[in-house]
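Just below is one structure, and these are the notes that go with it.
The values are calculated or read from the model by the stated rules, or taken from the named source; none is laboratory data. No experiment lies behind these values; they were computed from the predicted model shown. Don't worry about glycine lacking a Cβ; one is built from the backbone with ideal geometry, like all the others, and counts go over all protein chains shown. All accessible areas refer to the heavy atoms of the entire protein, side chains included, with ligands and DNA or RNA removed. Shrake-Rupley method; radii C 1.70, N 1.55, O 1.52, S 1.80 Å.
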Amino acid sequence: MSELFGNEPLWVVVLKAVLIFVVLVVYTLFNIWFERRVVAKMQHRIGPNVNGPFGLLQSLADGVKLALKEDIVVKSADRVVYVLAPILATVPAFLAWAVIPFGPEVKIPFTDTITPLQLTDLPVAVLYILAVTSIGVYGIVLAGWSSGSIYALLGGVRSSAQMISYEVAMGLSFVSVFMYAGTMSTSEIVAAQSDMWFFLPLFPSFIIYCIAMVGETNRAPFDLPEAEGELVGGFHTEYSSLKFALFFLAEYVNMVTVSALATTLFLGGWRAPFGIAQFWEGANEGYWPLLWFFGKTLFFIFIFVWLRGTLPRMRYDQFMTFGWKILIPVSLAWIVAVAFIRKLKSEDMLGGQTLLWIAVVTGVLIVASFFIPEDKDDADDDAGSVPGSDDEFDAFAGGYPVPPMPTKEST
């Protein structure tokens with residue numbers, strides 16, 4: 001951890017904070033355009049191409065339109081909570097970037113000041129990110145509750161259950177990173193990946209995190225808190241104008257946040273991709289690491305868009321079962337395995353190449369296990385029995401509650 005943290009002039013701290021805010025807002029506008037263009041290519045459409053070069057100003061036009069729309073507050077809403085909810089969802093998304101490293105120490109142009117490309121760092125920086133981002137779900141839950149709408153309330157309740165489920169799996173995927181790096185500081189975790197990025201020896205943790213981060217951000221195929229076909233729009237059904245724009249901003253900033261965290265913990269952070277640093281000594285110096293960092297985050301944004309354009313929404317009980325019965329047990333088993341492997345390696349009983357192959361094979365087996373079809377119990381077959389039979393009716397036989405047929409009596 002750099003000794004400059006906590007000892008920098010106030011104007012440097014303010015400058016970096018403002019730049020982070022501006023970069024995130026501009027990156028959000030770009031990501032909205034990027035998503036619409038990529039999905040348009042996947043669906044053989046054109047996408048935005050009128051406002052600005054290549055349609056790049058379309059997102060800005062949409063933002064201005066949202067700002068100028070009439071702000072409607074429904075009569076049944078709790079006004080104070082209704083207004084605070086979108087703010088509570090947006091602010092934590094920005095606060096998480098306080099400990100994300102963008103690059104090494106650089107010289108600020110036109111000055112003699114040296115500063116790291118990171119606002120600050122903490123010995124428990126990753127735990128700080130988990131704590132701050134977890135606050136965002138309160139904004140969603142309170143938005144659903146304060147709207148006075150059943151659709152919005154169901155979306156908020158879904159989001160709280162989803163957040164708890166996948167936050168556990170996400171946190172467990174970090175434990176193996178802490179074991180390897182020996183620290184929770186984001187800058188030191190990046191420094192620990194100077195020889196090998198952690199996604200190779202910790203491939204199962206990387207896969208678990210990638211799945212959990214999609215569920216964490218309420219993105220397709222895990223966008224069940226919104227679920228347009230079921231809940232109209234979910235927790236933000238009764239919102240309009242700038243309040244709706246804040247929820248939209250929070251979702252896209254959270255996408256970039258989890259992508260940046262994946263880059264920091266598993267893909268070497270701001271370090272240049274394999275092969276470039278070997279031929280170019282200055283690849284990891286100056287402002288060039290910004291290019292590698294945002295390039296890696298854009299790769300994860302593309303994965304988000306790809307999933308949205310290809311996969312259908314999961315059923316809610318399947319989604320919760322996947323989180324609690326698959327991701328969390330696999331995460332716990334992998335933590336035990338990593339601890340055992342680290343012990344063998346510390347005693348020179350296990351080589352690095354063997355360790356790499358074990359991690360890759362384990363990760364492939366885990367991914368393959370996700371495609372194994374689920375066995376159906378006899379109770380599921382009985383759920384579709386002929387109406388009028390003497391069998392006792394079980395409303396939960398198919399995995400979710402269903403009303404009895406007219407000829408059956410409910411228990």
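A few points about this structure:
- Residues satisfying the stated conditions in the stretch 104-118, i.e. hydroxyl-bearing (Ser, Thr, Tyr), in a loop (DSSP other than H, G, I, E, B) and in contact (Cβ under 8 Å) with a residue 60 or more places away in the chain: Thr113
A quick yes/no check of all residues on (1) open to solvent by less than 30 Å² (accessible area, probe 1.4 Å); (2) free of Cβ contacts under 8 Å to residues at least 24 places away in the same chain; (3) not in a loop (DSSP other than H, G, I, E, B):
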position	(1), (2), (3)
Glu3	no, yes, no
Val13	no, no, yes
Ala17	no, no, yes
Val22	no, yes, yes
Phe30	no, no, yes
Glu35	yes, no, yes
Leu60	no, no, yes
Ser76	no, no, no
Val81	no, no, yes
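- Taking the criterion of being outside any helix (DSSP H, G or I) and touching a Phe, Trp or Tyr at 6+ places or on another chain (Cβ under 7 Å), the residues of the stretch 83-103 that qualify are Pro101, Phe102, Gly103.
- In the stretch 126-141, residue farthest from Thr263 (Cα to Cα) [restricted to those that are hydroxyl-bearing (Ser, Thr, Tyr) and more than 13 Å from the chain's Cα centre (by Cα)]: Tyr138
- The set of residues in the stretch 119-135 that are assigned to a helix (DSSP H, G or I) and buried (at least 20 other Cβ atoms within 10 Å of the Cβ) comprises Ala125, Val126, Ile129, Thr133.
- Every residue from the stretch 117-171 that is charged (D, E, K, R) and at pLDDT 85 or above: Asp121, Glu167
- Single unsatisfied condition, Thr186 versus (1) within 18 Å of the chain's Cα centre (by Cα); (2) surrounded by fewer than 21 Cβ atoms within 10 Å (Cβ to Cβ): (2)
- For Ser176: the one exception among (1) open to solvent by less than 60 Å² (accessible area, probe 1.4 Å); (2) under 17 Å from the mean Cα position of the chain (by Cα): (2)
- The listed residue being open to solvent by less than 10 Å² (accessible area, probe 1.4 Å), touching a helix residue (DSSP H, G or I) at 6+ places or on another chain (Cβ under 6 Å) and within 25 Å of Ala61 (Cα to Cα), out of Thr264, Thr257: Thr257
- Among the residues of the stretch 269-306, those identified as in a loop (DSSP other than H, G, I, E, B) and either crowded, with 18+ Cβ neighbours inside 10 Å or basic (Lys, Arg) (or both) are Gly269, Trp270, Arg271, Ala272.
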